[in-house]
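The values are calculated or read from the model by the stated rules, or taken from the named source; none is laboratory data. It should be emphasised that the depicted structure is a prediction, and the values quoted were computed from it without experimental measurement. Don't worry about glycine lacking a Cβ; one is built from the backbone with ideal geometry, like all the others, and counts go over all protein chains shown.
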Amino acid sequence: MILQYDGTAYKGWQVQKTGTTIQGLLQDVISRLTGERVQVIGAGRTDAGVHALAQVASFDTSSRIEPPALQRGLNALLPADIRITGLDEVTSEFHPRHSAYGKRYIYLIASVVHREEIPVFLERYVWRIGFPLDTAGMNAAANWIIQDLTGLLNKRGLDPVASPVTAQHLADLITLVADQTISGAGAKQALEDALETGDPMGAIVERRGLQQVSDASELGAIVDQVIADNDDVAEQFRAGKASVIGFLVGQVMKASGGSANPKLAQELLRERLSG
């Protein structure tokens, strides 16, 4: 069964002790039409006020009503803000959650100051905020969640709901990388530590010494030593072989124990070798 609903008037999907829910209404109308007491299983549980475009659900029945007639009958009994858009028989092995290939969530956010800037027909479906969205930060957070955090959780067999890594952890991590306090590699170490300890990112970075060396004078001394120790490679760069800069940056990283800011290291190398 595939259904759509406007969740404004409901307390979410799952049956509650008080309040009307989508699952509860579906079970009631199916029972009225088939004469059977059924349990409707959904592919996911939406919260109060959340809507669905193609929620998948299933129920067991011994009714002999054909699927097209059953769909029409159920839609006739359901309120106007819930609609079954597809209904068919499936094998007993099918499960709305376990058989799903994936799920898609859509968030409509209006970064406008005044409510009247939102079209009236979108009012129920838009979250209004009064400031511009940091889309770069949002994309960075999504990448950390989808790639790194999910990988760590799967590796440890942990439930994301029980993860000690919070939205604040991710926000702080992104800021630390953006302002070059830590490197990407250091960020991965900090994230793994946060998953183990739940400590604040700032405390983790301080405790593990993950700060990048971004002071030009301090890093400059390391760069000068690397150039002196690799004079032959430095001469290749001066002769036009630009690709060797990667090797020299690597030597700076090695000499600094991985704490050097690689971008600054490359800038200082190019400055000294071009002077």
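Things to note:
- Checked against the criterion of being surrounded by fewer than 11 Cβ atoms within 10 Å (Cβ to Cβ) and more than 30 Å from A190 (Cβ to Cβ), the candidates R124, R128, R104 yield just one match: R104.
- Residues within region 16-58 that are small (G, A, S), part of a helix (DSSP H, G or I) and over 22 Å from F94 (Cβ atoms), tallied: 1
- Here L210 meets each of (1) crowded, with 17+ Cβ neighbours inside 10 Å; (2) in contact (Cβ under 8 Å) with a residue 24 or more places away in the chain; (3) part of a helix (DSSP H, G or I) with one exception, condition (3).
- Elements of type helices (runs of 4 or more DSSP H) in region 59-169, at least 1 residues being farther than 30 Å from V29 by Cβ: 135-143, 150-156
- Screening I84, I22, I65, I2 for residues that are more than 29 Å from the chain's Cα centre (by Cα), surrounded by 13 or more Cβ atoms within 10 Å (Cβ to Cβ), within 23 Å of I106 (Cβ to Cβ) and β-branched (V, I, T) leaves exactly one candidate, I84.
- Residue, surrounded by the most Cβ atoms within 10 Å (Cβ to Cβ), within region 179-193, restricted to residues that are over 15 Å from the mean Cα position of the chain (by Cα), assigned to a helix (DSSP H, G or I) and touching a residue at least 12 places away in the same chain (Cβ under 8 Å): A190
- Number of the condition not met by V205 [criteria: (1) surrounded by 13 or more Cβ atoms within 10 Å (Cβ to Cβ); (2) modelled with pLDDT of 90 or more; (3) out of contact with any Gly (no Cβ under 8 Å at 6 or more places or on another chain)]: (3)
- As a summary of the residue check, H114 satisfies the conditions (1) surrounded by fewer than 11 Cβ atoms within 10 Å (Cβ to Cβ); (2) under 30 Å from I2 (Cβ atoms) except for the one numbered (2).
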